[in-house]
Amino acid sequence: MERVATHANVSAGRNGHPPGPRGLPLAGMAFVLRRDPLAGMRQIAREYGDIVRFHVMMQERILLNHPDWINQVLVIQHSKFHKSELTRRITARMLGQGLLISEGEFWRRQRRLAQPAFHRNRVNDYAATMLDIASAHIRDWRGGESRNIGQEMTALTLGIAVRTLFSTTLPEEARRVGHAMTFLMRYSLRRQRLPFRIPETWPTPSNRRANRELGFIDSLVYRIISERQAAGNSRHYNDLLALLMGAMDEDGTQMTPQQLHDETMTLFLAGHETTAQMLAWTWYALSQNPAAEARLHEELRDILGTRPMDAADFARLPYLQAVMNEVLRLYPPAYIMAREAIEPCEIGGYEFRPGVTLLFSQWLMHRDARYYDDAEAFRPERWLDGLEKRLPPGAHFPFGDGPRRCIGQGFALMEAAVVIATLARRFHLKLVPGHPVVGEPLVTLRPRHGIRMTLYARN
Ligand code: HEM
């Protein structure tokens, strides 16, 4: 049985700074973290412990590596923090004032307006659409062929996002949206990792391409919104956009086209990319763990027989849920989070001034041997005996926590379950021998070279 947390060793109100590496003059830890951010963070945490101070390009960062401190920031003292400047810089150009990065009263109102669209009954309604798209996606898959499963899962979740958001299929444009978003994420992240920042307005090839891709996505989203407004919106549609357009605050106000744009872009990006990575890692993990794959298949056969999965089956598939939990533990698509203090705060016995950036990593916490036996091993069984309830808050947080917890958690889990159940019953996927699988921590944790797998049809 997995061990449960001990309280962190605190000496409250300590003066001075948390311990940490000095790094190089000026650059600090920038090079170590740029070379391999995950290994770099792990090394820092191992050497310096639960709360570590370091610098990146002369900017102070505090890494929290204990569930209690993470829970303090996300839940207990959440009102003292905002999303970090870093998060805003990476996403603001694409997502404007969308839910992911807005703050204060504006965020609260947008969250209230968007929440009903993610109600459990709504998510259950979307399950049928998810099933349709997953079944259609694999219609031309054939036993014996090999496919890049990373790309396949991105195309599939993009299809689901487009249909559940806009009730449309946009086959040609959807592909381009996928490429555009991938480029924009790499572009934004690369900009942040450069030691000096070239202004976005300079006509460099990558700035020009970023403007083109953004312009393409923006005009597509605005076109759909204005077509919808012209057609009298919601009565004719049963999708997320209709719910957002129809949502009305207590004072009778609704979202403006700009707000609708920002929220749909946010749901689009936050929704499809994370779930795609979760699914890609699922196939990889199952291919490396034949006993887990066999047990999953047995459960699907026993519970579903030959019929397709529907929303009500979700609760009847505990092993499938355990597999998803274990994938989110070992390969969390959101692998790091950041917050900036907006007022003085005390965390881990240290006092911090407003403006300090606190970082905490799902990838680090989820692989911490203090909370997980055999932490590096893929063992879905660990979730079957109530581990979730025994873990301290802050030890497993693939969807974040507190008021800013992922609004799409239920949607993502239903989507992943439907896709896994649909594909696993038709095919057994095996990693192509020699294909290198390496995590690439971009905005999400992706397989750097994709995941090339051979399909074997099941009888
Ligand atoms: C496996 C899939 C997913 C993962 C791992 C994931 C992870 C997260 C995490 C960690 C946060 C919190 C970020 C923070 O507090 O800084 C978040 C927020 C958010 N997610 Fe997800 N997410 C997933 C799927 C989705 C889906 C499917 C949607 C929508 C359709 C979605 C929409 C959002 C939005 C709008 C927020 C911001 C919520 C707010 O601040 O009020 N996510 N997600």
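The values are calculated or read from the model by the stated rules, or taken from the named source; none is laboratory data. Because the structure is a prediction, the values reported are computed rather than measured. Every residue, glycine among them, receives a Cβ derived from its backbone with ideal geometry; neighbour counts consider all protein chains shown. Side chains are part of the model used for accessible areas, which takes the heavy atoms of the whole protein and leaves out ligands, DNA and RNA. Shrake-Rupley method; radii C 1.70, N 1.55, O 1.52, S 1.80 Å.
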note = If you go through R208, R228, R223, the only one that is part of a helix (DSSP H, G or I), within 30 Å of F399 (Cβ to Cβ) and not hydrophobic (A, V, I, L, M, F, W, C) is R228
remark   = By my count, helices (runs of 4 or more DSSP H) wholly in the range 30-112 with at least 2 residues that are out of contact with any Asp or Glu (no Cβ under 9 Å at 6 or more places or on another chain) and touching a residue at least 60 places away in the same chain (Cβ under 8 Å) are 30-35, 37-48, 85-95
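Picking from E388, E381, which residue would you name as being at pLDDT 95 or above and either open to solvent by 20 Å² or more (accessible area, probe 1.4 Å) or of a type in the set (K, R) (or both)?
Just a single option satisfies the conditions, and that option is E381.
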Single residue of A270, A312, A338, A334 found to be open to solvent by less than 30 Å² (accessible area, probe 1.4 Å) and either among the small types (G, A, S) or touching a Gly at 6+ places or on another chain (Cβ under 8 Å) (or both) = A338
key: Residue tally, condition more than 6 Å from the ligand (Cβ to nearest atom), over 21 Å from S79 (Cα atoms) and touching a residue at least 60 places away in the same chain (Cβ under 8 Å), over the range 399-414   = 3
query = Is there a residue in the range 254-265 that is under 30 Å from N148 (Cα atoms), among the hydrophobic types (A, V, I, L, M, F, W, C), at pLDDT 85 or above and in contact with a helix residue (DSSP H, G or I) (Cβ under 9 Å, 6 or more places away or on another chain)?
reply = yes
ask   = Taking the stated definitions as given, is D368 acidic (D, E), open to solvent by 30 Å² or more (accessible area, probe 1.4 Å) and over 13 Å from the mean Cα position of the chain (by Cα)?
value = no
task = Restricting attention to the range 287-299, report how many residues are buried (at least 18 other Cβ atoms within 10 Å of the Cβ) and out of contact with any Leu (no Cβ under 7 Å at 6 or more places or on another chain).
result = 1
Residue among G349, G400 that is modelled with pLDDT of 95 or more and small (G, A, S) = G400
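Is at least one residue of the range 346-361 within 16 Å of the ligand (Cβ to nearest atom), within 27 Å of P290 (Cβ to Cβ) and either out of contact with any Leu (no Cβ under 7 Å at 6 or more places or on another chain) or of a type in the set (D, E) (or both)? Walk me through it before giving the result.
From the range 346-361, those within 16 Å of the ligand (Cβ to nearest atom) are 357-361; that's our starting set.
Right, trim to within 27 Å of P290 (Cβ to Cβ) and you get none.
No, because not a single residue in the range 346-361 is within 16 Å of the ligand (Cβ to nearest atom), within 27 Å of P290 (Cβ to Cβ) and either out of contact with any Leu (no Cβ under 7 Å at 6 or more places or on another chain) or of a type in the set (D, E) (or both).
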request  = Go through the range 123-154 residue by residue and tally those that are closer than 23 Å to Y237 by Cα, out of contact with any Ser or Thr (no Cβ under 7 Å at 6 or more places or on another chain) and surrounded by fewer than 17 Cβ atoms within 10 Å (Cβ to Cβ).
outcome  = 5
message = Checking G434 against (1) within 30 Å of E60 (Cβ to Cβ); (2) without any contact (Cβ under 8 Å) to a residue 60 or more places away in the chain: exactly one of these is not met. Which one?
response = (1)
request  = Could you check how many residues of the range 84-121 are open to solvent by 70 Å² or more (accessible area, probe 1.4 Å) and under 16 Å from L240 (Cα atoms)?
outcome  = 6
task = Evaluate the following for T275: is it surrounded by 12 or more Cβ atoms within 10 Å (Cβ to Cβ), over 13 Å from A114 (Cβ atoms), within 13 Å of the ligand (Cβ to nearest atom) and not hydrophobic (A, V, I, L, M, F, W, C)?
result = yes
